[in-house]
Amino acid sequence: AVAQFEQEDILKIEREQQYKLQLEGEEFVLQLHEVEIQTEDIPGWLVASDAGLTVALDVTITDALRKEGNAREFINKVQNLRKDKDFQVLDRIKVSVVKNATFEEALNNFREYISNEILARDIALVETLDVADEIEMNEEVLQVKVEVV
């Protein structure tokens with residue numbers, strides 16, 4: 001009988017701490033502590049239950065989220081370069097990045113946001129750089145040149 005429970009039956013036993021079953025004409029009272037209720041994750045979702053409340057989070061990383069994450073990571077790495085080079089907080093900079101297929105679209109799509117966050121007057125995608133710093137992003141290395149303008 002328990003294996004046939006529907007969602008509303010499970011909610012009832014959680015809420016009332018017991019469940020009345022009719023089996024072969026006899027009534028049985030099933031106590032909450034006599035059963036184990038398990039939740040299973042749905043592929044791409046994380047599910048958690050506590051005190052009668054269930055929450056499901058979609059943890060699928062879409063292409064758009066990945067690109068936004070790359071943009072934010074790039075901002076973090078460039079901010080660290082600014083700090084390492086002892087730039088002043090309000091220094092405007094120019095950033096040159098050697099083209100990289102994985103990150104190029106993210107840099108283009110979020111160019112204005114990135115520029116505002118790192119105070120860049122320009123972010124240029126270039127073929128090569130004579131002098132560059134290397135920053136690691138998602139197990140790839142980007143060649144970057146950051147200079148005050």
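The values are calculated or read from the model by the stated rules, or taken from the named source; none is laboratory data. Since the structure is predicted, the reported quantities are computational estimates derived from the model, not experimental observations. All Cβ positions, glycine included, derive from the backbone under ideal geometry; neighbour counts span all protein chains shown. For the accessible areas, the whole protein counts, side chains as well, though only heavy atoms, and no ligand, DNA or RNA atoms are used. Shrake-Rupley method; radii C 1.70, N 1.55, O 1.52, S 1.80 Å.
With of a type outside the set (V, I, T) and touching a helix residue (DSSP H, G or I) at 6+ places or on another chain (Cβ under 8 Å) as the only criterion, which of L46, L65, L32 stands out? Spell out the reasoning first.
Numbers: L46 fails: touching a helix residue (DSSP H, G or I) at 6+ places or on another chain (Cβ under 8 Å); L65 fails: touching a helix residue (DSSP H, G or I) at 6+ places or on another chain (Cβ under 8 Å).
Of L46, L65, L32, the one residue that is of a type outside the set (V, I, T) and touching a helix residue (DSSP H, G or I) at 6+ places or on another chain (Cβ under 8 Å) is L32.
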(request) Determine which single condition K20 fails, assuming it passes every other condition in (1) closer than 30 Å to D133 by Cβ; (2) of a type in the set (D, E, K, R); (3) over 34 Å from the mean Cα position of the chain (by Cα). (result) (1)
(request) Residue by residue through segment 126-145, note down the ones that are loosely packed, with under 15 Cβ neighbours inside 10 Å and either assigned to a helix (DSSP H, G or I) or out of contact with any Asp or Glu (no Cβ under 7 Å at 6 or more places or on another chain) (or both). (result) V126, E127, T128, L129, D130, V131, E134, E136, N138, E139, E140
(request) Could you grab me the full set of residues in segment 51-72 that are in contact with a Phe, Trp or Tyr (Cβ under 9 Å, 6 or more places away or on another chain) and either under 23 Å from L107 (Cβ atoms) or of a type outside the set (D, E) (or both)? (result) A56, L57, V59, T60, K67, E68, N70, A71, R72
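Go through segment 3-17 and count every residue that is of a type outside the set (D, E, K, R), exposed (fewer than 13 other Cβ atoms within 10 Å of the Cβ) and farther than 15 Å from S49 by Cα.
Residues of segment 3-17 that are of a type outside the set (D, E, K, R), as a first pass: 3-5, 7, 10-11, 13, 17.
This time we only want the ones that are exposed (fewer than 13 other Cβ atoms within 10 Å of the Cβ), so: 3-4, 7, 17.
Checking which are farther than 15 Å from S49 by Cα leaves us with 3-4, 17.
Residues in segment 3-17 being of a type outside the set (D, E, K, R), exposed (fewer than 13 other Cβ atoms within 10 Å of the Cβ) and farther than 15 Å from S49 by Cα: 3 in total.
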(request) Take segment 88-132 and flag every residue that is among the hydroxyl-bearing types (S, T, Y) and free of Cβ contacts under 8 Å to residues at least 24 places away in the same chain. (result) S115
(message) Among the numbered criteria (1) over 30 Å from Q7 (Cβ atoms); (2) at pLDDT below 90, which one does V59 miss?
(response) (1)
(message) Just to be sure I understand the filter: pairs with C-beta atoms under 7 Å, separated by 6 or more residues or on different chains, first member in segment 1-13 and within 11 Å of V35 (Cβ to Cβ), second member open to solvent by less than 100 Å² (accessible area, probe 1.4 Å) and of a type in the set (S, T, Y). Which pairs pass?
(response) D9/Y19; I13/Y19
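Quick one: is I123 closer than 11 Å to V146 by Cβ and either open to solvent by less than 80 Å² (accessible area, probe 1.4 Å) or under 27 Å from the mean Cα position of the chain (by Cα) (or both)?
Numbers: closer than 11 Å to V146 by Cβ: yes; either open to solvent by less than 80 Å² (accessible area, probe 1.4 Å) or under 27 Å from the mean Cα position of the chain (by Cα) (or both): yes.
Judged against the criteria, I123 is a match.
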